[in-house]
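Colleague: Just dropping this structure here.
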Amino acid sequence: MEDDAPVIYGLEFQARALTAQTAETDAIRFLVGTQSLKFDNQIHIIDFDDENNMINKSVLLHDAGEIWHIGGSPADKAVLTTCYNKTSESRVLTCAAVWRMPPEWESGSHESPDDSSNNPQTLELLCHLDNTAHGSVACVLWEPMGDGKRVISLAENHVLLWDLQESSSKATISSSATLEGKGQLKFTTGKWSPHHNSTQLATANDTAIRGWDLRSMSQIYCIENAHGQLVRDLDFNPNKQYYLASCGDDCKVKFWDVRHISEPVKSLEEHSHWVWSVRYNHSHDQLLLTGSSDSRVILSNMVSISSEPFGHLVDDDDLSDNEENQQEDKGKEPLQDSIIATYEEHEDSVYAVEWSAADPWLFASLSYDGRLVINRVPRALKYRILL
Amino acid sequence: MSSATTPPDSDPTQRRRVHNMLKLYYGLNEEGKATEQAESLDPCDINGPHFDPEIYLNKLRKECSLAELMDHESCMVKQIRSLDSDMQTLVYENYNKFISATDTIRKMKNDFKKMEDEMDCLSANMTAITEFSARISGTLQDQHAQITKLSGVHTLLRKLQFLFELPARLNKCLELQAYAQAVSAHRRARCVLQQYSHMPSFRGIQDDCHVIMEQLAQQLRQKFRDGGSSAKDLSECVELLLQLDEPAEELCDKFLSHAQSRLEADLQGLEAELKDSTVTDTGGASVQKTSPGSNPVSPSSSAFNPFLSPTAGTDILEFIDRGCNEFVSSLCLVIASYQELFISRPQEGELASKNIPEMANGKLHVFVDTLAARYFSLVERRIQEEKGVGDNSLLVRALDRFHRRLQAISKLLPGSAVPSQGTEIVVRAARERIKQYLSALQTFYHDSLTDVRQALAAPRLSVGGASASGGGALVGGATNKDAPPSLPELLTSLSNFILNQLKSVLASVHLFTAKDITFSNKPYFKGEFCSQGVREGLVVSFIKFICQSSRQYCESAGDRGGSTPPALLLLLSRLCLDYETSTISYILTLTDEQFLVQHHTPVTPVTALCAEAREAAQKLLNHYVKVQGLIISQMLRKSVETRDWVNTIEPRNVRAVMKRVVEDTTSIDVQVGLLYEEGVRKAHSSDSSKRTFSVYSSSRQQIRYAPSYTPSAPMDTNLLSNIHKLFSERIDIFSPVEFNKVSVLTGIIKISLKTFLECVRLRTFGRYGLQQIQVDCHYLQMYLWRFVSDENLVHFLLDEIVGSAAHRCLDPSPMEQSVIEVICERG
């Protein structure tokens, strides 16, 4: 199908940071942060026009440094956080800051994309998440479905919960926790759980996954040796509150029930190198996206451990047509856990994959060479899930 | 009459004719009438009855000449004369005979007359005798009657005397304990006493007898109750009591309960032994454990059979023997005597009406069943204790004896379920045995692997100590030299040990189906035991177990960071591969031949097992690649992550970690080379090292390109590497490897270098940081190409690393190629 052909967008710079604009629910919009040591880094705002199958981009300058992580506010679509490398003299430090996009970017970009690259507008700094006391920031997490007032930053072995005040122009640490232990512990990534009134956080350091209660700022569970090697990414099942997916350098994707952490619920080993990113579809949690440094993106259908293990229930009464009924019956065969598709459009390591916030059937993946690929869930599967 | 004496005219036919005529006259007709009639019809036949002389004469006169007539006439005259003389002779002879007959008759007449007189005289005499006799018997009549009466009285008196003496006699018998005599005496008198009991004197006797017999019965019962009496005594007792009209049912019960008490004693003896043996057995086992592998030639016999040790209690054969000799034989005896007493004895009188045999038979069955059940439970407990799998023959012999002895019961008691239950026990024991063997094999396999593990872990220098204590039988058997066992040696010894163990197990199990074992011809042992039990349950399960446990090594080790030594993975992989190629089919053929397996039920085909083994081998090898790759990757990762690449000093040496990587890769190469073939690699050009240079120099160009980045062309590096990628195939980092050395090494190196690349991309480099990476990569390039199937792969990955480092460099000014070479060659 022509519509299923991937749409490819190339950035001039290498890039690792990708996020969907969470607060935007109408347009399909992704934010990409570039990594360049020598040039001014940029944030590319990628708008995907679903009807014309076209991409519109806007570029904002991010002159603070190369971007390692990016996150969009869930409340204000103009607000975002980045983690960036700041090189001063002989010291490289990863800092985090909250930014606001200039209000004009939207109008300017649509007229002529070329102009925008020539004369890009600059992000407006709202505040720094001051981390001089805590070291490099691995990532900044927005409170899921929150009002855009709370963020968590993971810096070395600290969990810092910030309150953003005065239109995000001021950030204060409301509480923090520190991971103590032998050796130099360092958080690699984390995820704020959308369940339990957003009071739980999962973090990864080395091969362990830890759960935190944000009210008491204490650890609630710890999956030691969740992966054979470094854990690279985590994601919460949006519909099942205790389910968690993780991926790591052992090429595996594992699914955990945090109530029974001794064994993973399921384990996949489809990639041939480190898995850098794992994402549940926001609406249909059987759809799972993984990106790996083997340059592949894999879309899997994990029906058996999803919130709809028997498929979507449809009222048969609505369908009066016999023929349609028969087709329906065919489609009703329980779906097996399977790989839906392997996307091989990338030629370098894929470090980030992300579902669109607006269209649940659309996702983007970003490889190191700056190639952003937008793909869709195959239609056959989409209809099977919907019908 | 001979022809010589006959005159010439009277030829034989002539004489015959004469005879015939005589015979005819006397009605003796020998010849057929037809011929006679044919002869007689001719009137010219001179001898025929219808002879007409006129016709004859006319005929002659018409037919014959004168001379002939003359001759005929003379012949006729001659014949007539001879006939006349014949007639005369006959008449004369007969006359003489008449005369003598007349004389004889006359003589007889005289004799009879004399005899008649004598007979008259005799009859007169007889009359006289009869008369006398009648007279005598008349006189003797009275006396005779008297004598008869007297003799009757005498008998009666004797009977009475018997009766009167009966109490005394019974008493005496009682004293002498001649119970049988007493009972028979009483039996004889009983009816009479019963009949005349209305007479006071008889009544007295009867009462006396009753009292005595009561006493006697009491004594008999007492004796019956006493445990000490033998079975024979007992049966006698029962017989007597039965004759004394004791109720048969009660007797049955008593008899059985008595027998039961004795049999229970036997059973308790067995049970006590059972308890003893458990205690001593565990003791024996613990003793055994202290000296494992003391006998390297046959580790099974010493390490797996605690029952052979002298400290152990009675072995199972003894136990079963005792059970057979004591319990089963006395049970048989009881059954036999019981049957004799209650069932098969001829029924007489009122006993017949009570239908004793049926009742007794029922009781017997219940009795036998309950006792046998207890016996069986004991035997089963004993069999279950038989955990040691070293010597199966003992168990088989014990089971055989057990089974054989039960056949006796089946003969004695045709309807009993006991023998079939016994067979079931045997079958269960066999099944259990197979399970035990399987688990023993599994344990053995694990132990062997542990030995291998220890042998692998054993430090190379203290070899003697390792093989003596830790390595045990495996290592000891593998090498007698001072050198540590090498991988191939370990492999062959491991697979030999497993194979031998399997063979010995098969041989042991084979005992169950030996011809001289009674139960071997049961359908279970002919069919299911062989196919489902041995082939599927033992051999196939074991092979599957090997594959499965091998696979488990892959899974568990991966998560816990390589707890399995990689060499073991390699070894197991080779083992599984060997199994796939030859061992499995060999083992299964061996099994099928030994057990003549007839596949009534579907069995696992060889191909399925082979596929499983191959899968396991592949998985193990993949895992080996992963583990080894991981070890090297970790080294590289740590080395990249922990260094401050921005503030590093100018490189003077290749970093030690790179040397380590090359060393490790070389040792892996050696290790894999021991077990796997070389494999195909893309042909090297003769000057491979030179070519590395040329390829590397292209990457150097790329690096040189780096400083010439202009702000307007930031994509140039990307372009270069992208073009490169266009022409090289996509690299699967963790891809399945083939079963050869080059493929394995390629996999490991790919993983390591990819890790290096990813780590470099996460860091930021200063000028000297980049240069250090350049040096390191060049060093790797110098040494790693020789291990892989396609050297371009190494070149490509190293170029990527250097390119990425250049890209992540704050001050990308690369080192001169010549300087790099000097540093690398310096080491």
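Colleague: Chymotrypsin sites (Phe, Trp or Tyr not before Pro) within the stretch B:741-825: which are DSSP loop residues with at most 10 other Cβ atoms inside 10 Å?
Modeller: Values: sites: B:756, B:765, B:768, B:779, B:783, B:785, B:787, B:796; in loops: none.
Within the stretch B:741-825, no chymotrypsin sites (Phe, Trp or Tyr not before Pro) qualify (loop, at most 10 other Cβ atoms within 10 Å).
Colleague: Something else about it: Please list, in chain and number order, the residues 5+ apart from residue A:36 or on another chain whose amide H is under 5 Å from its amide H, with Hs placed from the backbone.
Modeller: Result for residue A:36 returns A:66, A:67.
Colleague: At 0.36 nm per residue, and after removing the present C-alpha to C-alpha distance, how many nm does the segment from residue A:260 to residue A:89 gain when stretched out fully? Write down the numbers at each step before the final one.
Modeller: Details: separation 171, 0.36 × 171 = 61.56 nm, distance 4.78 nm.
Result for the pair: 56.8 nm of gain on full extension.
Colleague: Can you count the Lys pairs in the stretch A:31-187 with C-alpha separation below 23 Å, eight or more apart or on different chains?
Modeller: On the way: A:38/A:57; A:38/A:86; A:57/A:77; A:77/A:149; A:77/A:170; A:86/A:170; A:86/A:186; A:149/A:170.
Taking the Cα cut-off of 23 Å, the pair count is 8.
Colleague: Residues of A:34-43, mean number of Cβ from any other protein chain within 10 Å of their own Cβ, rounded to a whole number? Write down the numbers at each step before the final one.
Modeller: Numbers: counts 1, 4, 3, 8, 8, 3, 1, 0, 0, 0.
The per-residue average across the peptide is 3.
Colleague: Next up: For chain A, what does the helix formula give at 222 nm: sum of -39500 (n - 2.57) over DSSP H segments with n ≥ 4, over the residue count, nearest 500 deg cm²/dmol? Let's see the in-between values first.
Modeller: Values: 4 runs with 31 residues, N = 387.
For chain A, the value works out to -2000 deg cm²/dmol.
Colleague: For the stretch A:31-187, give the share of DSSP beta bridges that are antiparallel, in percent and rounded to the nearest 5; count only bridges with both residues there. Write out the running numbers ahead of the final one.
Modeller: Values: 51 of 53 bridges.
So the antiparallel bridges in the stretch A:31-187 amount to around 95 percent.
Colleague: In whole Å, what are the extents of chain A along the principal axes defined by its C-alpha atoms, from largest to smallest?
Modeller: Principal extents (largest minus smallest coordinate, Cα): 71, 54, 39 Å.
Colleague: If I take R0 = 41 Å and measure r between the Cβ atoms of residue B:88 and residue B:116 in this structure, what FRET efficiency does the formula 1/(1 + (r/R0)^6) give, to the nearest 0.05? Walk me through the numbers before you get to the answer.
Modeller: Details: r = 44 Å, r/R0 = 1.06.
Using R0 = 41 Å, I get an efficiency of 0.40.
Colleague: If you take the charge dipole of the stretch A:31-187 about its Cα centre, with +1 on Lys and Arg Cβ and -1 on Asp and Glu Cβ, which of A:154, A:39, A:59 is farthest toward its positive end?
Modeller: A:154
Colleague: So what are the stretch A:31-187's ellipsoid semi-axes, whole angstrom, largest first, if each one is the square root of 5 times an eigenvalue of the alpha-carbon gyration tensor? Don't skip to the answer; put the middle values down first.
Modeller: On the way: eigenvalues 175, 67, 37 Å².
In descending order the semi-axes read 30, 18, 14 Å.
Colleague: Once Rh is set to the Kirkwood radius over Cα pairs, what Stokes-Einstein translational diffusion coefficient, in µm²/s, holds for the stretch A:159-262 at a temperature of 25 °C and a viscosity of 0.890 mPa s? The partial results should precede the final answer.
Modeller: On the way: Rh = 14.4 Å.
For the chosen part, D equals 170 µm²/s.
Colleague: Note down the Stokes-Einstein diffusion coefficient of the stretch B:67-193 in µm²/s, whole number, using a Kirkwood radius over alpha carbon pairs, 4 °C, and 1.567 mPa s. Don't jump to the answer; show the numbers that get you there.
Modeller: Details: Rh = 25.3 Å.
Translational diffusion coefficient: 51 µm²/s.
Colleague: Tell me the relative contact order for the stretch A:31-187 as a rounded percent, counting alpha carbon contacts under 8 Å between residues six or more apart.
Modeller: Working: 364 pairs, mean separation 26.2, N = 157.
Worked out over the stretch A:31-187, it gives 17 percent.
Only the coordinates and a few stated rules stand behind these numbers; no lab work does. Computed from a predicted structure; not experimentally measured. With ideal geometry, Cβ positions are generated from the backbone for all residues, glycine too; neighbour counts draw on all protein chains shown.
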